[in-house]
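The structure appears below as structure tokens.
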There are 2 protein chains.
Amino acid sequence: MALTTPRTSPGTMELLPRRQMVFQRMLDTIRRGFERYGFVPVETPVFEIADVLLSKSGGETEKQVYFVQSTGSLEQGHKPDLALRFDLTVPLARYVAEHEADLAFPFRRYQIQRVYRGERSQKARYREFYQCDIDVIGKDTLALAYDAEMPAVIHTLFSELNVGPFRIHFNNRKILLGLFEGLGITEADQRMAVLRQVDRLEKISLEEVRSALMGEGLGLTEGVANRILEVVGTHGTAAAVLGFLSALKDRPDVNPIFRQGVEELGQVVAALRAFKVPETHWSINLGIARGLDYYTGTVYETFLTDHPGMGSVCSGGRYDNLASQYTKSRLPGVGISIGLTRLFYVLSEAGLLKDGPSTVQVLVTQLDPTLLADYLAIAAELRAAGVNTEIQLEPAKIARQFKYADRAGIRYAVVMGLDEQAEDLVTVKDLVTGEQTRIPRGDVVARLAALVG
Amino acid sequence: MALTTPRTSPGTMELLPRRQMVFQRMLDTIRRGFERYGFVPVETPVFEIADVLLSKSGGETEKQVYFVQSTGSLEQGHKPDLALRFDLTVPLARYVAEHEADLAFPFRRYQIQRVYRGERSQKARYREFYQCDIDVIGKDTLALAYDAEMPAVIHTLFSELNVGPFRIHFNNRKILLGLFEGLGITEADQRMAVLRQVDRLEKISLEEVRSALMGEGLGLTEGVANRILEVVGTHGTAAAVLGFLSALKDRPDVNPIFRQGVEELGQVVAALRAFKVPETHWSINLGIARGLDYYTGTVYETFLTDHPGMGSVCSGGRYDNLASQYTKSRLPGVGISIGLTRLFYVLSEAGLLKDGPSTVQVLVTQLDPTLLADYLAIAAELRAAGVNTEIQLEPAKIARQFKYADRAGIRYAVVMGLDEQAEDLVTVKDLVTGEQTRIPRGDVVARLAALVG
């Protein structure tokens, strides 16, 4: 038979086991963090009925969807009726609408699954990637204090992920929308175009944004551009920014939406302090707009201080109504999302994710084939005591077995030869320090359980 | 906008959060068990390049494949070039062949992911379901003792899954193949047809199988049918069955493959005893054939004693060469697989999987909106201490908040009203016992950490 070259589709991430362990630890940390904050797990099928998935989507998303059909459907020339999820938000909307009667609100769910985008393949752009999402969904209303819980979760997670210093930037879109409306920018397309320019502030200078706002296409007056940049360019401590906004807000000509945005922002800041999220880790950033029209209030982005070029590693926001395409119920919510595959890729490239010790803690080596029953018994005892144990059943030189364990990140090796067996002893070798200790056979479980514990 | 009815594709399992927690606990138990036995994690993309995935497959599998293509590919009228994996074995073969140079052998991997089959939808048949697999892959050779490790893993897992009594049945296919060959049943199709009849022994009587073997299509003589049934119908303790086989094996006319099968079976039994797998939990079952031609030696099935109709809940076996379609390297292996989605479904239907306590351990209730900052601070402290805590930020009657917690499976509620706050006290309520205790505000973390710990 001619051989087929084994290969994976471009745009997918497949890891060797030791890297997979690093990835898995990040997933575990995130899940533990989500559970710590009282979010409950949801998993949805990887594919949705295409009509249901795409009932609300705009053109851009639909262009990137992966459609799915069975052999039978394909052979009969049907159009595919299934599609892979492209995010976890539409499946959440479908889930909440479908199971509404069985859920208690506010509904707090976490979901950690892969999503799929039929993007053109390029470096660090994935067609399959993990999203780690939480959302709190209210029925009719959702208290603003939930908006402060999101940065608290981000703070806990990114501290535990151990990826260096980070800072959560947040804003309230009502401030921008109210500002624009007050300045006569009321048409939806124009508003989105202005938002897009504001969003570029992280990458280009204030002057360049000013030119763009006044340039062809938008054509804002210098006065209007300056009013916008005065707000979105404001930096400083939360107290200073809130002070600046309060002063603006109290001007009689100010738009009521702007005023509401400022009030909400102030309340979120107060709640954030009550949640004890240290101010070293968050800032008000009036330049955060988030592209999506979806968001209606608080919006978040998170930046790794040492890797500004990475862009936001955890984003989200408040929305007025989750599932208007599926239900008449009004379901306001707030949520955040971590794109873990890309984060893992970028951190790996930056050398920030070293291989840790293996999940395998002990290797029971094979020195003499006639002692097989002893090796099996030792492995069985270690496993029963909760020690993750591999046993080498294939005959090989002992030096090669040590080398294997070392390369695999297994720290401890158990060795027993005929002479040791005769004396009822075993040797425990620490492959990191090189230290070897002979101990009574009967002590091996207690010793190793203590070492790995 | 007209509403779209929110619904999922038939053949998928989607759970409410409390059921999802039960499922998640089973997944965690299985993963922990796999890691305890020194298996390392692998995840592969949900889709493979179709030509790579299907390079070896027979007709039946291909009929059930889900093909995947992006919007662009679909619009251009291309044939799909991607397909969802239908098991974890072909992706493993592709993975090992692709990364062969970077892997150390014997390579022990676990993989817990969903697989996809475009089956006709019917009760308890899933199009998307979890498989939980382990395999040990050797390079050129793989010691037989690894075959005894699989039942040891099954024993640990199913004991910890707490699904009632179970028994692992195993056999060695060489015994059947050698037996058939010795009886002149050498043609592949005929051999498979005989194996299929033998496989029915769990469901129909010995007499019926005898008729089938002698009936149209197969047309074996009564003598040959009897010789087959004498072997596959043999029951008893491992010692008795091995004794019976040894007596047969020593007959001079016996086929060498049969003899080898008996020897291997004896060695696996000895290793199984050294692994201390209790004999109450396993049997030699000479009727186990496993449909797949893939297996070449030891084969396993696992039955829940109280649910014989469920069929095998964990199966697998030894194979000579994992990845002959991808590499010239010879890669013998042994592995097992649990189809968790179906197992979960059947156990649920049988009422064996009760909802457990929620992953959320404490609900901080809201009695007075003016105390919001106190509630946030209490939640922050509990979470920092590792207690999974939800906070109720939406105003609601306290009785409704208790009802919510009770229904959600949250055991403890923290209550603080204005009078309690004035005295620096909080109330901790146990929703299972109904007990309420007032304790100093400063003790709340220690008290709850102890209660949930």
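The values are calculated or read from the model by the stated rules, or taken from the named source; none is laboratory data. Given the structure is predicted, the values throughout are model-derived calculations rather than measurements. Cβ atoms come from the backbone with ideal geometry, glycine included; neighbour counts cover every protein chain shown.
Here are some notes:
- Filtered residues of segment B:115-141 (kept if surrounded by fewer than 23 Cβ atoms within 10 Å (Cβ to Cβ) and either touching a His at 6+ places or on another chain (Cβ under 7 Å) or hydrophobic (A, V, I, L, M, F, W, C) (or both)): B:Ala124, B:Phe129
- In the set (1) modelled with pLDDT under 95; (2) out of contact with any Gly (no Cβ under 8 Å at 6 or more places or on another chain), B:Phe39 fails one condition alone, (1).
- Only a single criterion out of (1) surrounded by fewer than 17 Cβ atoms within 10 Å (Cβ to Cβ); (2) in contact with an Asp or Glu (Cβ under 6 Å, 6 or more places away or on another chain); (3) among the β-branched types (Val, Ile, Thr) is not satisfied by A:Val254, namely (2).
- Those residues of segment B:63-100 which are in contact with a Pro (Cβ under 8 Å, 6 or more places away or on another chain) and hydroxyl-bearing (Ser, Thr, Tyr), in sequence order: B:Ser73, B:Tyr95
- Any hit, segment B:95-114, residues being in the same structural domain as B:Thr29 (by TED's automatic domain parsing), under 21 Å from the mean Cα position of the chain (by Cα), within 30 Å of A:Val364 (Cβ to Cβ) and basic (Lys, Arg): yes
- If only residues of segment A:69-85 that are touching an Asp or Glu at 6+ places or on another chain (Cβ under 9 Å) and in contact (Cβ under 8 Å) with a residue 24 or more places away in the chain are counted, the one that is surrounded by the fewest Cβ atoms within 10 Å (Cβ to Cβ) is A:Asp81.
- Between A:Arg167, A:Arg173, the distinction of being among the charged types (D, E, K, R), under 17 Å from the mean Cα position of the chain (by Cα) and closer than 26 Å to A:Ser246 by Cβ belongs to A:Arg167 only.
- Residue match in segment B:370-386 (condition: hydroxyl-bearing (Ser, Thr, Tyr) and at the interface with chain A (Cβ under 10 Å from one of its Cβ atoms)): yes
- Options A:Val163, A:Val209, A:Val153; residue that is away from chain B (no Cβ under 14 Å) and assigned to a helix (DSSP H, G or I): A:Val209
- Any hit, segment A:393-404, residues being surrounded by 17 or more Cβ atoms within 10 Å (Cβ to Cβ), at the interface with another protein chain (Cβ under 8 Å from one of its Cβ atoms), among the aromatic types (Phe, Trp, Tyr) and in contact (Cβ under 8 Å) with a residue 24 or more places away in the chain: yes
- Among (1) part of a loop (DSSP other than H, G, I, E, B); (2) farther than 28 Å from B:Arg108 by Cβ; (3) modelled with pLDDT of 95 or more, the one test that A:Ser312 misses: (3)
- Residue under evaluation A:Phe244, criteria (1) more than 30 Å from B:Ala385 (Cα to Cα); (2) touching a residue at least 40 places away in the same chain (Cβ under 8 Å), criterion not met: (2)
- Candidate set: segment A:353-379, residues that are among the hydrophobic types (A, V, I, L, M, F, W, C) and in contact with a strand residue (DSSP E or B) (Cβ under 9 Å, 6 or more places away or on another chain); chosen: the one nearest to B:Tyr110 (Cα to Cα): A:Val360
- Only one entry in B:Thr8, B:Thr29 is in contact with a Leu (Cβ under 7 Å, 6 or more places away or on another chain) and more than 19 Å from B:Thr327 (Cβ to Cβ), namely B:Thr29.
- Residue match in segment A:20-37 (condition: touching a residue at least 12 places away in the same chain (Cβ under 8 Å), under 24 Å from the mean Cα position of the chain (by Cα), more than 9 Å from chain B (Cβ to nearest Cβ) and assigned to a loop (DSSP other than H, G, I, E, B)): no
- Each residue in segment B:215-234 was checked for being surrounded by fewer than 16 Cβ atoms within 10 Å (Cβ to Cβ) and in a helix (DSSP H, G or I), and 4 of them qualify.
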